[in-house]
Amino acid sequence: MLDAWLANAHRKLTDQQRKIVSAAFGKSESSRLPLYARLVYDLAIRWKSTTLPPPLPDNITDIIRYIFGRLEKDHGKIAPAALSYITCSKYGLSSNELEDVLSLDDEVLSDVFQWWNPPLRRIPPNLWYSFSSNCHHITLGFDSELTFKNIWWSVGRKDLLFIVGSIDSSKRWCSRCGSIILQF
């Protein structure tokens, strides 16, 4: 299945990358599920031929934690905040709503503007675009009243709330996002 997806995307894995991916499958019951294969594919498709990835987690929860940790490393505090807001929203949030909510969050803005104090403190659209394009594989858009919303796919909201909340630096995001959404 993974080979078919990679071929469809015109991508190939090196021998070393293939060994790492093959070693991940079959270690646990959840590593045999299609969701696990999809998450591994979403990681592998971003690898360059020179990338030697670390050993992959062997279950869905840990691979989602790995993905969230990578997003936080690449994008800073915008990652756990945005993912927590998506988790806490009942019907998802549009990209504009997420930009607005993130712009109300002083902690996120302080992280974004740590070296500069702009006249208008708002999440720059290019940062939101960069983050949202890197997390399209774990969120899903759908048309609800002609609005494209960001929601989770495939895993229950309670499981994701646990996973998002279990990342060390984002434990507090889930507990405070409800009050910021209410301000919105």
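Looking only at the range 102-135, which residues are of a type in the set (Asp, Glu) and in a helix (DSSP H, G or I)?
Asp106, Glu107, Asp111 - these are the residues of the range 102-135 that are of a type in the set (Asp, Glu) and in a helix (DSSP H, G or I).
Looking only at residues of the range 71-98 that are among the charged types (D, E, K, R) and part of a helix (DSSP H, G or I), we find that the one that is surrounded by the fewest Cβ atoms within 10 Å (Cβ to Cβ) is Lys73. Taking the criterion of being charged (D, E, K, R) and farther than 19 Å from Leu43 by Cβ, the only residue of the range 64-84 that qualifies is Lys77. Taking Val101 as the residue in question, decide whether it is within 23 Å of Leu127 (Cβ to Cβ), of a type in the set (Val, Ile, Thr), crowded, with 16+ Cβ neighbours inside 10 Å and touching a Lys or Arg at 6+ places or on another chain (Cβ under 9 Å). Spelling it out, it is not the case that Val101 is within 23 Å of Leu127 (Cβ to Cβ), of a type in the set (Val, Ile, Thr), crowded, with 16+ Cβ neighbours inside 10 Å and touching a Lys or Arg at 6+ places or on another chain (Cβ under 9 Å). Return the pairs, sorted by first residue and then second, in which the second residue is not in a helix (DSSP H, G or I), the first residue lies in the range 81-105 and is aromatic (Phe, Trp, Tyr), the beta carbons are less than 8 Å apart, and the residues are 6+ apart or on different chains. Going by the 8 Å Cβ cut-off, the qualifying pairs are Tyr85/Leu93; Tyr91/Ser144; Tyr91/Lys149; Tyr91/Ile151. Cβ-Cβ distances below 6 Å connect the following pairs, each with a first residue in the range 1-29 that is among the hydroxyl-bearing types (Ser, Thr, Tyr), a second residue that is loosely packed, with under 15 Cβ neighbours inside 10 Å and not in a helix (DSSP H, G or I), and a separation of six or more residues or different chains: Thr14/Ser49. Across the range 10-44, what is the total count of residues that are of a type in the set (Gly, Ala, Ser), surrounded by fewer than 16 Cβ atoms within 10 Å (Cβ to Cβ) and closer than 22 Å to Arg70 by Cα? Of the residues in the range 10-44, 3 are of a type in the set (Gly, Ala, Ser), surrounded by fewer than 16 Cβ atoms within 10 Å (Cβ to Cβ) and closer than 22 Å to Arg70 by Cα.
Since every read-out is calculated from the coordinates, none of them should be taken as a lab result. This one's a predicted model, so the numbers in the text were calculated from it and none came from an experiment. Heads up, the Cβs are rebuilt from the backbone with ideal geometry, glycines too, and the neighbour counts pull from every protein chain shown.
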